[in-house]
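First up is the structure itself, then whatever we jot down about it.
Please treat every number below as a calculation from the coordinates, not as lab data. Just so we're clear, the structure is a prediction, and the values are computed from it rather than from any experiment. Ideal geometry is used to build each Cβ from the backbone, glycine not excepted, and the neighbour counts take in all protein chains shown.
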Amino acid sequence: MEALGLIPGVVFVLLLLTLIGFLLCFGYVFYMHLKFDHVPGPPRDSFFLGHLPTLMKLAKKNMVIYDPFLEWVDKYGPVIRLNLVHKVLIFVISPDAVKEFLMSPKYTKDDFYDRIHSMFGTRFMGNGLVTDRNHEHWYKQRRIMDPSFSKSNLMQSMTTFNDKAEDLMEKLREKADWKSHIVMHKMMSRVTLDVIAKVAYGMELDAVHDDQTPFPQAISMAMRGMVEARNPLSVFNPFKQDVIREVKKSLNFLRDTGKERIEQRIKAIQDGDDIPKDILTQILKAAELEGGCTMEDFVDNFVTFFIAGQETTANQLSFAVQELARHPEILVRVQAEVDEVIGSKRDIDYEDLGRLKYLSQVLKETLRLYPTAPGTTRTTEEESIIEGVRIPAGSNVMFCTYIMCRMEKYYADPLVFNPDRFHPDAPKPAYVYFPFSLGPRTCIGQVFAQMEAKVVMAKLLQRYEFELVEGQSFKILDTGTLRPLDGVICRLRPRASKK
């Protein structure tokens, strides 16, 4: 009976604690409103959730969350506030601010990257090159890895680029009958996975031919996790628990594979065995001289390279195929260049890449309209004034090349695919186009990625005619990176041989 008498008291304490918790949450959100409400922006959907419902609606409709900003910039100006529960993100559309924040090492990446460090309690990219927010630790890693992406090492990668692209051409030949429907994004994802696995880690995955390899699915689930992690409430959603479990399983698989591969290579080096001269070997040897790198660092970058090296290039190649198929006059022009430079030879030389000037323009224009990494974020250590708007210290500021490159202010007819924008003599707006970021944190693999993309595209243009299957939406799927929603479904047939 005495125990029963305690129940009302316990209930009262729990209710009191709940009320205190609610008041604290309410007070903090109210404080964030007071701190940032002077920054222009669209009305919040709700007091607590802010603009999150709008973003979630866009995601459910498979729409790019950045598209509304094209209208918001016109209405509210170049500096826009976005409330996400207790977080505030400031979007900045300003070349001057891009130059100031991205070209200087004093502005660190913000806590947005914590969502990629770990997802749902499982380590993902950790403190890899993309996500590391500690400048000193990042700089040490970059110093170790830079030599692996030197010109001489990239030239040695041409053999792998050619061989893996040739595997793709052989696979495409099986269905190049002008009737079969080929999902080009799937094929591009597999060839880029084979390339990064071989060049970086000496792994022969043969994903182009092996439909059973678990890596494509694991990477897809990791990207799915990045989308789910945007919503801080996902972890409490009972309908998301199966997805979250699959995401965590995929992350563990990628990290376990990386650790096993790295441990095998370290042992091989110590035993004096013959080892491939790939990126992993060079990183391990450079790290030994530098000192202070942990296994966690190596695994973080294994996952980073696997995701970034596969996903972004596959997306770019897929969008390039889509736009060339939609613009026959551009396709004819770039095919003519490939015929002149490459002819009928199997292997593309490093020197050939520099001669494929119009193909370079096509690939750059693809990234203008479809930057696979749409933007990047920084933290304001001190109070700043951007475009006349006061930005409090400690703010999270996002710079979005996707938005800027689709604005008439910077490009005439911005939604028109026009590779001549990147002709050497064409005027180009400064600090607007940055698909690989800018400044000290620019992507370490951008030259690698563009060499690979050129080889794959040149071989495809050399060997095949292609057209889009009817009924595709041409929508963009935002999975953390941007990819074609429908996968770019094509019909292919061999081109007439060039003598």
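Between V332 and E383, the modelled labels are 6.2 nm apart [label points 7 Å from Cα along Cα→Cβ]. Whole-percent P(r), segment 30-165, all Cα pairs, 10 Å bins from 0: 10, 25, 31, 22, 10, 3. Report the local net charge at L482: Lys and Arg +1, Asp and Glu -1, summed over other residues whose C-beta lies under 13 Å from its C-beta. Once positives and negatives cancel, what remains is +1. Checking the cross-link pairs K186/K364; K151/K454; K198/K249; K140/K186; K61/K87; K285/K357 against a 26 Å limit on the alpha carbon distance flags K140/K186; K285/K357 as lying beyond it.
Protection proxy ranking of 357-367, 70-80, 438-448, 477-487, by the mean of other Cβ atoms within 10 Å over each peptide's residues and highest first, is 357-367, 477-487, 438-448, 70-80.
Please give the contour-minus-distance gain from K357 to L415: 0.36 nm per residue of separation, less the Cα-Cα distance, rounded to one decimal in nm.
Using 0.36 nm per residue and subtracting the Cα-Cα distance, I get 18.7 nm.
Paramagnetic label reach from W178 (point 7 Å along Cα→Cβ; backbone nitrogen cut-off under 18 Å): within segment 458-489, residues 461-470.
Taken about its Cα centre, the chain carries a charge dipole of about 680 debye when Lys and Arg each add +1 at the Cβ and Asp and Glu each add -1 at the Cβ. Pair-distance distribution of segment 152-239: all C-alpha pairs, bin width 5 Å, starting at 0; shares per bin in whole percent are 3, 12, 18, 18, 14, 12, 10, 7, 5, 2, 0.
Within segment 422-477, list the GluC sites (Glu not before Pro) lying in a DSSP loop whose Cβ has at most 11 other Cβ atoms in a 10 Å radius.
E470
Axis of helix 446-463 versus longest Cα principal axis of the chain: the two differ by about 50°, to the nearest ten degrees. Between E204 and S344, the modelled labels are 3.0 nm apart [label points 7 Å from Cα along Cα→Cβ]. Axis angle, to the nearest 10 degrees, between helix 2-36 and the longest C-alpha principal axis of the chain: 60 degrees. Pair-distance distribution P(r) for segment 367-499, from all Cα-Cα distances in 10 Å bins starting at 0: 10, 27, 35, 19, 6, 3, 0 percent. Candidate cross-link partners of K60 among the lysines, defined by an alpha-carbon separation under 19 Å and a same-chain spacing of 8 or more, comprise K240, K475.
Considering only N301, L280, V362, and ranking their Cα positions along the charge dipole of the chain that arises from unit charges at the beta-carbon of Lys, Arg, Asp and Glu, the one farthest toward the positive end is V362. Considering only C-alpha atoms, what is the centroid distance from segment 417-469 to segment 43-110, in Å? First find each Cα centre; the distance between them is then 26 Å.
Extension gain, T18 to N62: 0.36 nm times the residue separation minus the Cα-Cα distance gives 12.2 nm. Let's test the formula: R0 of 45 Å, r as the Cβ-Cβ distance of K249 and D425. What FRET efficiency results, to the nearest 0.05? Rounded to the nearest 0.05, the efficiency is 0.30.
In the chain, how does Rg compare with the Kirkwood Rh, expressed as the Rg/Rh ratio over alpha carbon atoms?
Answer for the chain: 1.00.
Projecting the Cα atoms of F12, I65, P95 onto the dipole axis of segment 1-136, where Lys and Arg carry +1 and Asp and Glu carry -1 at the beta carbon, places I65 farthest toward the positive end. In segment 35-112, Rg over Rh equals 0.98, where Rg is the alpha-carbon radius of gyration and Rh the Kirkwood radius from pairwise Cα distances. Ranked by how many other Cβ atoms sit within 10 Å of their own Cβ, fewest first, the residues L369, L34 fall in the order L34, L369. When the helices of the chain are scored as -39500 (n - 2.57) per DSSP H run of n ≥ 4 and the total is divided over every residue, the value at 222 nm lands at -17000 deg cm²/dmol. Considering only I403, S437, Q335, the residue lying farthest towards the positive end of the dipole of segment 326-441 is I403, judged by Cα position with unit charges set on Cβ.
Multiplying the residue separation of E136 and A268 by 0.36 nm and subtracting their alpha-carbon distance yields 44.5 nm. Evaluated with a Cβ-only charge set (Lys, Arg +1; Asp, Glu -1), segment 1-136 carries a dipole of roughly 200 debye about its Cα centre, given to the nearest 20. Measuring r between the beta carbons of T159 and L233 and using R0 = 41 Å, the FRET efficiency lands at 0.25. Its Cα centre serving as origin, segment 159-245 has a Cβ charge dipole (Lys and Arg +1, Asp and Glu -1) of approximately 480 debye. Relative to the longest principal axis of the Cα atoms of the chain, the long axis of helix 295-326 makes an angle of roughly 60 degrees. At R0 = 60 Å, how high is the FRET efficiency between E71 and I275 if r is their beta carbon distance? Nearest 0.05 is fine. With R0 = 60 Å, the Cβ-Cβ based efficiency is 0.65.
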